[in-house]
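Every number here is computed from the coordinates shown, using simple stated rules; none is lab data. Small disclaimer: the values here were computed from a predicted structure and weren't measured. Heads up, the Cβs are rebuilt from the backbone with ideal geometry, glycines too, and the neighbour counts pull from every protein chain shown.
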Amino acid sequence: MDILVSLFRETVMSTFSQHSQSDDKRVSTDGHIGKRIRERRIMMGLTLKALAERIGITYQQLQKYECGRDRVASSRLQEIAVALIVPVSFFFDSDAGDQDAPDLSQTGRQMLQMMRLFRSMTDTQKTALLSVAKTMTESRMSDLH
C-alpha cells in the first residue's frame, strides 16, 4: 500500500512539475510579446489609448497584453502588428537576443525622444547637433584618461 501511495505521489508531482514548466514558458513568452508591443508603441510615440483605439479594444485590455497578464490571440497580434507597422515576427524577436531584456529605461526613453526630434530637424541643425555631441563625447573621454 505504501508503494502505491508513493507511486501516486511521484506521478502527481511529476505531472505538476511538467505543467508548471510549461506554464512558466507560456508566461515568459506572453511577457516577452507584451514587452515588445510596449517598446514599439513607445517608439512610435503612441499612447495606450491611441493604440487601443486603432485596434478596437480598451486601453485597459492593451495594458493587460503589455504586462503579459493576458495572452494575445494570433488574430489580435496581427492587428497590432499592422497598427504598429511591423511584421508579426517583430514580437518574437529580441534586439539584443535576450528575451529577458529590461523595460525601456529613462535613458532609452530619452534616446527615442532625441530620435524623434532629430527627424524633424533641418540638415544644418542635424550637423550642428552631431558636432556638439561629438565634442561633448571627446571631452568626456579625455577627462576619463
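General remarks:
- Ranked packing of 125-137, 48-60, most packed first, by mean Cβ within 10 Å: 48-60, 125-137
- The listed peptides 115-122, 61-68, ordered by packing as a protection proxy, come out as 61-68, 115-122 (highest mean of other Cβ atoms within 10 Å first).
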